[in-house]
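The values are calculated or read from the model by the stated rules, or taken from the named source; none is laboratory data. These figures come from a predicted structure and were not determined experimentally. We place every Cβ from the backbone using ideal geometry, glycine too, and count neighbours over all the protein chains shown.
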Amino acid sequence: MKGGKSKAKADNKLAVKKRGGETKKAKKAVKDPNKPKRPPSAFFVFMEDFRKTYKEKHPNNKSVAAVGKAGGDKWKQLTDAEKAPFIAKAEKRKQEYEKSMQAYNRKQAGEAADEEESDKSRSEVNDDEEDEDGSAEDDDDDDDDE
């Protein structure tokens, strides 16, 4: 009889638990396609140039991992002076990104305010049209005071 109990416990442990709720994909927020992309770091700026030269030297190599590994090794070997131009490019791109994000945020804030105003104005326009028809005149809303 002891075996029956342990087997039941084992079945419980092996059972797949169903989550009550949404999956990760459903929880994930929808990305705005108009939002500016984050700027690359100095290493990725370096890799843009390195990929071109590596592919010229090794045209038969199709492995992305090999290019990344070689680029990482080369980056580690560079001195700070050799890294400086890539760091400068990365800083420049970062400043451009910050400017575009500020513009994007202002635009988003403006659109949010415009949507609230436009919803209000639409409802006022619809109320006026309904009042003119005479079909939607409901004064029952004022009866809540009784």
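In the condition set (1) farther than 30 Å from Lys99 by Cα; (2) assigned to a loop (DSSP other than H, G, I, E, B); (3) charged (D, E, K, R), Lys37 is compliant with all but (1).
Under 26 Å from Lys31 (Cβ atoms), surrounded by fewer than 11 Cβ atoms within 10 Å (Cβ to Cβ), free of Cβ contacts under 8 Å to residues at least 12 places away in the same chain and hydrophobic (A, V, I, L, M, F, W, C): is that true of Ala81 in this structure?
No; evaluated as a whole, the condition is false for this residue.
Annotation for segment 50-69: no member residue is under 26 Å from Asn105 (Cβ atoms) and either surrounded by 16 or more Cβ atoms within 10 Å (Cβ to Cβ) or among the small types (Gly, Ala, Ser) (or both). Does Lys62 satisfy the condition of being within 22 Å of the chain's Cα centre (by Cα) and either at pLDDT below 95 or on the phi > 0 side of the Ramachandran plot (or both)? No.
Within segment 58-86, the set of residues being within 9 Å of Phe46 (Cβ to Cβ) and assigned to a loop (DSSP other than H, G, I, E, B) comprises Leu78 only. Against the conditions (1) at pLDDT below 95; (2) of a type outside the set (Phe, Trp, Tyr); (3) exposed (fewer than 10 other Cβ atoms within 10 Å of the Cβ), Lys76 satisfies every one except (1).
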